[in-house]
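The values are calculated or read from the model by the stated rules, or taken from the named source; none is laboratory data. A quick note: this is a predicted structure, and the numbers were derived from the prediction, not measured. Heads up, the Cβs are rebuilt from the backbone with ideal geometry, glycines too, and the neighbour counts pull from every protein chain shown.
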């Protein structure tokens, strides 16, 4: 895919990884809509801010109505409540699902007709190594990311005949506000953005951006005790 002739919408583009994605796309000549709940927070020269709250169907519909030339959609907007499934507040758990699963689905349903009408293109869903392995202390996030992975698999099959390639990016910790309290090693968002955009350009279906995601994928084939050795 020639990104220099593409028009890309990035959700959650006002900071963190979304901003890094938008910057990388701009550097390659793409036209970029930077979606954010508060578009005034978008400070990236060259990007066009657009109001977009993925958990609000009216906001999603308005964003689709305000555009028309999108050929690539990147579902990056996320939440991280730090909730576990047994003791966490149910409203926080619902927020994770509403953001990562229902929010992604809502944006896809609103923008697919536009992408198809423009001759096809690509969708990239920002997933996680935690799509494949769950940490109980953040079980709500893991469950939502697993649901988003399943959604990605279904959509890539369903949209193939419309000329829309659906990809998923799996990555571990990145140095963003979302994981500012995590002390483990973190990737530079700009480095992961380059890997992600390279994957879109190459037409990849699945983009594994770091060792953590590659190890999680490999462990899937080895069964439960490979993912959770404490159960062996």
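Listed values, structure above:
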| quantity | calculated |
| --- | --- |
| Residues that are at pLDDT 95 or above and at positive phi, drawn from segment 1-31 | 12, 29 |
| Residue check for residue 14: touching a helix residue (DSSP H, G or I) at 6+ places or on another chain (Cβ under 7 Å), free of Cβ contacts under 8 Å to residues at least 40 places away in the same chain and within 23 Å of residue 171 (Cα to Cα) | yes |
| Count of residues meeting criterion [surrounded by 12 or more Cβ atoms within 10 Å (Cβ to Cβ), free of Cβ contacts under 8 Å to residues at least 60 places away in the same chain and touching a helix residue (DSSP H, G or I) at 6+ places or on another chain (Cβ under 7 Å)] in segment 208-232 | 3 |
| Residue in segment 95-115 that is in contact with a strand residue (DSSP E or B) (Cβ under 6 Å, 6 or more places away or on another chain), under 30 Å from residue 163 (Cβ atoms), free of Cβ contacts under 8 Å to residues at least 60 places away in the same chain and part of a strand (DSSP E or B) present | no |
| Selection within segment 82-123 - closer than 18 Å to residue 137 by Cβ, under 17 Å from the mean Cα position of the chain (by Cα) and surrounded by fewer than 22 Cβ atoms within 10 Å (Cβ to Cβ) | 95, 97 |
| Residues located in segment 24-36, provided they are in contact with a strand residue (DSSP E or B) (Cβ under 9 Å, 6 or more places away or on another chain), in contact (Cβ under 8 Å) with a residue 40 or more places away in the chain and in a helix (DSSP H, G or I) | 25 |
| Residue in segment 124-137 that is surrounded by the fewest Cβ atoms within 10 Å (Cβ to Cβ), counting only those that are touching a helix residue (DSSP H, G or I) at 6+ places or on another chain (Cβ under 7 Å) and in a helix (DSSP H, G or I) | 129 |
| Looking only at segment 13-23, and only at residues there that are crowded, with 18+ Cβ neighbours inside 10 Å and out of contact with any strand residue (DSSP E or B) (no Cβ under 7 Å at 6 or more places or on another chain), the one that is farthest from residue 189 (Cα to Cα) | 23 |
| Of all residues making up segment 198-207, the number that are in a helix (DSSP H, G or I) and either surrounded by 17 or more Cβ atoms within 10 Å (Cβ to Cβ) or modelled with pLDDT under 95 (or both) | 2 |
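Quick grid of which residues meet (1) at positive phi; (2) in a helix (DSSP H, G or I); (3) in contact with a strand residue (DSSP E or B) (Cβ under 9 Å, 6 or more places away or on another chain); (4) at pLDDT below 95:
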| residue | (1), (2), (3), (4) |
| --- | --- |
| 139 | no, yes, no, no |
| 155 | no, yes, yes, no |
| 161 | no, yes, no, no |
| 168 | no, no, yes, no |
| 172 | no, no, yes, yes |
| 183 | no, no, no, yes |
| 196 | no, yes, yes, no |
| 214 | no, yes, yes, yes |
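Results for (1) touching a strand residue (DSSP E or B) at 6+ places or on another chain (Cβ under 6 Å); (2) in a helix (DSSP H, G or I), shown as yes or no for each residue.
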site: 50; (1), (2): yes, no
site: 53; (1), (2): no, no
site: 61; (1), (2): no, yes
site: 64; (1), (2): no, yes
site: 73; (1), (2): yes, no
site: 79; (1), (2): no, no
site: 83; (1), (2): no, no
site: 88; (1), (2): no, no
